[in-house]
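The values are calculated or read from the model by the stated rules, or taken from the named source; none is laboratory data. Since we're looking at a predicted model, the values are computed, not measured. As a convention, Cβ positions derive from the backbone with ideal geometry for all residues, glycine included, and neighbour counts pool all protein chains shown. Areas reflect the complete protein model, heavy atoms only, side chains present, ligands, DNA and RNA absent. Shrake-Rupley method; radii C 1.70, N 1.55, O 1.52, S 1.80 Å.
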Amino acid sequence: TDGQKKVLNEINSDLQSNKRMFRILQGDVGCGKTIVSLLSIINVIESNYQCALMGPTEILSYQHFKLAKNIFRKININIEFLSGNTEKKIKDEILKKLEDGKIDLLIGTHALFQKKIRFKNLGYVIIDEQHKFGVKQRSELAKKGGKNCDLLLMSATPIPRTMMMSLYGDMDISKIIGKPLSRKTTVTL
């Protein structure tokens, strides 16, 4: 949609600048925030940086993982999934590959900000439903990439700008208006 293109341009402009991106992406459920965030990682990975996408639940994070695998199926991007339920042997393999820089995109749950998770060259962190994580949790993951690691927070919950400024300080805001025409109606159970 035009709204998605506008926001993707804002994010890409931040990623190409010399300043660290600290942006929140707001939009209704079903507006296409996840697709925008996934598309924004391509240039980061092509610049030899790793990316991380953290979701609040294993189900949502795994949905993001499946979507990313589908979107990038024809591109040589190494994507892995990690949660607290990941089998120890698989987790150890992921941790080794991550430190060696053999994973481009790591998608997972709270497990991503644990101290034993070490990236070789983390450059971009995306946190979905950011309000479900504490400030310390969000900053712990971003710190893994150093002081220049770009950060994108996503939320379907509108946060007034005055509240945002008091909670986060100097943060840029992007909003996706509208939904794709082919989008099915969202059903919440």
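Starting from segment 1-16, take each residue that is surrounded by fewer than 18 Cβ atoms within 10 Å (Cβ to Cβ) and list its partners that are assigned to a helix (DSSP H, G or I), counting only C-beta distances under 7 angstrom and pairs at least six apart or across chains.
Short answer, once both residue conditions are applied: ASN12/SER40; ASN12/ASN43.
This table checks each residue for (1) hydrophobic (A, V, I, L, M, F, W, C); (2) in contact (Cβ under 8 Å) with a residue 60 or more places away in the chain.
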| site | (1), (2) |
| --- | --- |
| SER47 | no, yes |
| GLN50 | no, yes |
| PRO56 | no, yes |
| ASN70 | no, no |
| ASN78 | no, no |
| ILE90 | yes, no |
| LYS97 | no, no |
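Tell me, which residue of segment 46-68 that is closer than 14 Å to LEU153 by Cα and assigned to a loop (DSSP other than H, G, I, E, B) is most open to solvent (accessible area, probe 1.4 Å)?
PRO56
Kindly indicate whether LYS102 is open to solvent by 30 Å² or more (accessible area, probe 1.4 Å), modelled with pLDDT of 90 or more, outside any strand (DSSP E or B) and closer than 21 Å to ASN18 by Cα.
No.
Residues are listed down the side, and each one gets a yes or a no for (1) among the aromatic types (Phe, Trp, Tyr); (2) open to solvent by less than 10 Å² (accessible area, probe 1.4 Å); (3) within 23 Å of ILE24 (Cα to Cα); (4) over 14 Å from the mean Cα position of the chain (by Cα):
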| position | (1), (2), (3), (4) |
| --- | --- |
| VAL44 | no, no, yes, no |
| ASN70 | no, no, no, yes |
| ILE75 | no, no, no, yes |
| GLU80 | no, no, no, no |
| LYS88 | no, no, no, yes |
| LYS91 | no, no, no, yes |
| ILE107 | no, yes, yes, no |
| ILE117 | no, yes, no, yes |
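For LYS19, are the conditions met, namely being more than 25 Å from ASP172 (Cβ to Cβ), out of contact with any helix residue (DSSP H, G or I) (no Cβ under 8 Å at 6 or more places or on another chain) and without any contact (Cβ under 8 Å) to a residue 40 or more places away in the chain?
The answer is no for LYS19.
Determine, yes or no, whether ILE24 is closer than 26 Å to GLY178 by Cβ and in a strand (DSSP E or B).
Considered against the rule, which asks whether it is closer than 26 Å to GLY178 by Cβ and in a strand (DSSP E or B), ILE24 comes out as yes.
Among the numbered criteria (1) among the hydrophobic types (A, V, I, L, M, F, W, C); (2) assigned to a loop (DSSP other than H, G, I, E, B); (3) surrounded by 14 or more Cβ atoms within 10 Å (Cβ to Cβ); (4) at pLDDT below 95, which one does ILE35 miss?
It is condition (2) that ILE35 fails.
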